[in-house]
Amino acid sequence: MTTSLRSASLDAGRPASAGPRVGVLALQGDFREHAHVLATLGAEVSLVRRPEELETIDGLVIPGGESSVMDKLSRMFGLQAPLKTAIAGGMPVYGTCAGLIMLADTVLDAIAGQESLGGLDVVVRRNAFGSQNQSFETDLDIPALGEVPVHAVFIRGPVVESVGPDASVLASLADGRVVAVEQGNLLGTSFHPEITGEHRFHEYFLAKVRARA
Amino acid sequence: MTVSETGSSRVKRGLAEMLKGGVIMDVVTPEQARIAEDAGAVAVMALERVPADIRSQGGVARMSDPDLIDAIIAEVSIPVMAKARIGHFVEAQVLQALDVDYIDESEVLSPADYVNHIDKWAFNTPFVCGATNLGEALRRINEGAAMIRSKGEAGTGDVSEATKHIRKISSEINVLRSMTKDELYVAAKELQAPYELVLEVAETGKLPVVLFVAGGVATPADAAMMMQLGADGVFVGSGIFKSGNPEARAAAVVKATTFYDDPSVVAAVSRGLGEAMVGINVADLAAPHRLAERGW
């Protein structure tokens, strides 16, 4: 791993017991809610808006928001290429809603010219449930996270329409539509654990960060 | 079998959470909506006339034609908001039936009821409402608003009223934070707001819903200043499509909102934008023409 002057100097003053360093992409959306949950779980959290801010983190969360806006800003400010490199290099990344769209290899119903970072071998459809009037909350059984169901909030959320051989399904709605997926160090959910007090997804993600850091 | 619930407070307030750090733009045609989406708007407000035209043309301003709202919804994939008159619950029912993503009960339109605002709990579609101070914001939240925008003087390009109101709301929150519990009962009385909401604000130091700024924002620096003053995001009305180069200005305001605390970015995006909207100084407006004073 290349060590820049900046990260080397930051690492020098870092206590060995410090939590994993996790960035939250802060171009737009509910990044503060993610930062709050991660800090509560003991992570050392920073907000990421510039390429150099990726150098000092061991994992990244892409929050909820508008995927078209995040894509545009990530390209304008030179974040797209280093993000793709980090994902290809195995950095753990967790995306919620717009973040899942950013991580999907293929996005349906995107705006003209919209790109994703990719990494998850899935096809995702934006706004799959319709307008805000169709946004909803429900309980999901997610065996990987234990017996207690996950209370999930879907806000103009996407759905995973097909899952390639490299990705696996973590959760589905009662009608079978896939709403949480995992592939190696990448994790994506159509819903927003960060606004319901649900911490198990973030813990699951932090375990990946700790295992790799 | 698990039960799914739509229209809950969490779902309504949640959409506003996802809009944070973004710019919501007034548009009057599907073509403008496309420009806004391409420039990075996080949502659009579908209108027949922007506030600057409502102001210059006068007359009663009402909900937009459903055909226009449908056409804008069909054009873009980002959320579409639309305005109902204050107290006009049937306009709000129509907007809900049109499947807009947010209803703005707005002082920019002519009020339909000078006593009551809409009972917003009765709707599945979330509402955003304007406020000039903390008491007004909490009264709207008590009526079911899922998002607040501080009022500026819409259609002027003069940001001074927006500044005044976001500062007012922030300073009133700060005062509550410093109070003892017994003082909060009197504060609730003076704010004319429910005690439970006043207590919540005193404990958390913020409104229970997302707070955007609106009215008079015309430049990237205006947007960045509102963000530095504590806004979660900005509405830009006449400021974009009444300017010389809407595409460039819209994209610049989006970038300045994300990098609001980085003057080098705000400087870079402010270059070569062409003419800003001409603007009207709020001080030159006779009191009956001040929209921010509508609502109570």
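Before moving on, here are some points about what is shown:
- Peptides ranked, highest mean first, by Cβ atoms within 10 Å: ranges A:168-177, B:200-209, A:53-62: A:53-62, B:200-209, A:168-177
- By the Kirkwood approach, averaging reciprocal distances over each pair of separate Cα atoms, region B:7-287 gets a hydrodynamic radius of 18.8 Å.
- Phi to ³J(HN,Hα) by Karplus 6.51 cos²θ - 1.76 cosθ + 1.60 over region B:129-141, Hz, x for Gly, Pro: 10, x, 8, 9, 7, 5, x, 5, 4, 6, 5, 5, 5
- Calculated on the alpha-carbon coordinates, the convex hull of region B:1-40 measures out at 124 cubic angstrom per residue.
- Over all pairs of different C-alpha atoms, the protein assembly as shown has a mean inverse distance whose reciprocal, the Kirkwood radius, equals 23.3 Å.
- Positive minus negative residues near A:Leu186 (Lys, Arg vs Asp, Glu; Cβ under 13 Å): -1
- Theoretical ellipticity at 222 nm over chain B - DSSP helices of four or more residues, -39500 (n - 2.57) apiece, nearest 500: -13000 deg cm²/dmol
- The angle separating the long axis of helix A:200-212 from the principal Cα axis of greatest extent in chain A is about 40 degrees.
- Taking only the alpha carbons of region A:14-145, we obtain Rg and Dmax values of 15.2, 48 Å in that order.
- With 5 Å bins from 0: P(r) over region A:129-200, alpha-carbon pairs, percent: 3, 16, 28, 27, 17, 8, 1
- Protection proxy ranking of B:63-72, B:222-231 - average other beta-carbon atoms within 10 Å, highest first: B:222-231, B:63-72
- Within 10 Å of each Cβ in A:29-38, the average number of Cβ atoms from other chains: 3
- Phi angles of region B:72-77 translate, via the Karplus equation with coefficients 6.51, -1.76, 1.60 and θ = phi - 60°, into HN-Hα couplings of 6, 4, 5, 7, 10, 9 Hz per residue; Gly and Pro are given as x.
- Over all other residues within a Cβ to Cβ distance under 15 Å of B:Ala36, the charged ones net out to -3, with Lys and Arg as +1 and Asp and Glu as -1.
- With the helix formula -39500 (n - 2.57) applied to DSSP H stretches of n ≥ 4, chain A reaches a computed 222 nm mean residue ellipticity of -7500 deg cm²/dmol.
- Computed over region B:73-186, Cα set: Rg, Dmax in Å: 15.8, 53
- Packing here is the average count of other Cβ atoms within 10 Å per residue, and on that basis the peptides B:13-24, B:175-186, highest first, run B:13-24, B:175-186.
- For A:122-135, mean number of other protein chain Cβ atoms within 10 Å: 5
- Across the accessible surface of region B:66-166, with the other protein chains kept in place and a 1.4 Å probe, carbon and sulfur atoms take up 52 percent.
- The mean number of partner chain beta-carbon atoms within 10 angstrom of a residue's beta-carbon across peptide A:67-80 is 4.
The values are calculated or read from the model by the stated rules, or taken from the named source; none is laboratory data. Since the structure is predicted, the reported quantities are computational estimates derived from the model, not experimental observations. Counting neighbours? That spans all protein chains shown, and the Cβs are built from the backbone with ideal geometry, glycine included. SASA here: full protein model, heavy atoms, side chains in, ligands and nucleic acids out. Shrake-Rupley method; radii C 1.70, N 1.55, O 1.52, S 1.80 Å.
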